[in-house]
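Structure first, commentary second.
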Amino acid sequence: QVQLVESGGGLVQSGGSLRLSCTASESITGIYGTGWYRQAPGKLREMVARILSDGSTIYKDSVKGRFTISRDNARNTQYLEMNSLKPEDTAVYYCNVAVWVGTNWSNFWGQGTQVTVSS
């Protein structure tokens, strides 16, 4: 089964930057979109950024202008460049791949990587 492996999380000061990476174990057919979600303790998982098959992107309002999602299809990898980080960005970040094949909808998730922003 497809596995998504994440890396790049860590501890940074407010205003700092991090670059998250997510690599799939194999090429995935039928991708509707890929993206990044995050979850803080006691809170629901929320969408941070998405990139669709045509390259268009969608961002959570609070990260617009600070985060950039991109992908390298040849490497089965997507990235999240995070700049001007704030303490409110602290969460576990999860890589997601949404697949639609026929009438079957499925989601693949990475293991999560911790991002902590100190003040």
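The values are calculated or read from the model by the stated rules, or taken from the named source; none is laboratory data. These numbers were taken from a predicted model, which means no experiment stands behind them. For neighbour counting, all protein chains shown are included, and Cβ atoms are generated from backbone atoms with ideal geometry for every residue, glycine included. For the accessible areas, the whole protein counts, side chains as well, though only heavy atoms, and no ligand, DNA or RNA atoms are used. Shrake-Rupley method; radii C 1.70, N 1.55, O 1.52, S 1.80 Å.
R0 = 35 Å: FRET efficiency of A74 with S119, Cβ-based, nearest 0.05?
It comes out at approximately 0.35.
Select from region 1-105 those trypsin sites (Lys or Arg not before Pro) which occupy a DSSP coil region and have at most 13 other Cβ atoms within 10 Å, ordered by residue number.
K43, K64
Per residue of region 2-14, in order, report the coupling 6.51 cos²θ - 1.76 cosθ + 1.60 (Karplus, θ = phi - 60°) as ³J(HN,Hα) in whole Hz, putting x for Gly and Pro.
4, 10, 10, 10, 9, 7, x, x, x, 9, 9, 7, 3
Add +1 for every Lys or Arg and -1 for every Asp or Glu among the other residues with Cβ under 13 Å from the Cβ of A24, and state the total.
Net charge around A24: -1.
Multiply the residue separation of L52 and W109 by 0.36 nm, subtract the distance between their alpha-carbon atoms, and state the gained length in nm to one decimal.
Between L52 and W109, full extension yields 18.9 nm more.
When the accessible area of region 51-97 is split by element with a 1.4 Å probe, what percent falls to carbon and sulfur?
C and S fraction of accessible area: 44 percent.
With a sphere of radius 15 Å drawn around the Cβ of A98, what net charge do the other residues whose Cβ falls strictly inside it have (Lys, Arg +1; Asp, Glu -1)?
Local net charge: +2.
Calculate one ³J(HN,Hα) per residue across region 62-72 by plugging θ = phi - 60° into the Karplus curve 6.51 cos²θ - 1.76 cosθ + 1.60, and present them in order as whole Hz with x for glycine and proline.
Computed from phi, the couplings for region 62-72 are 5, 10, 4, x, 10, 10, 9, 9, 8, 8, 10 Hz.
For semi-axes √(5λ) of the Cα gyration tensor in Å, several values are listed as [x] 23, 14, 14; [y] 24, 14, 13; [z] 26, 14, 12; flag the one computed from this structure.
Derived directly from the coordinates: [y].
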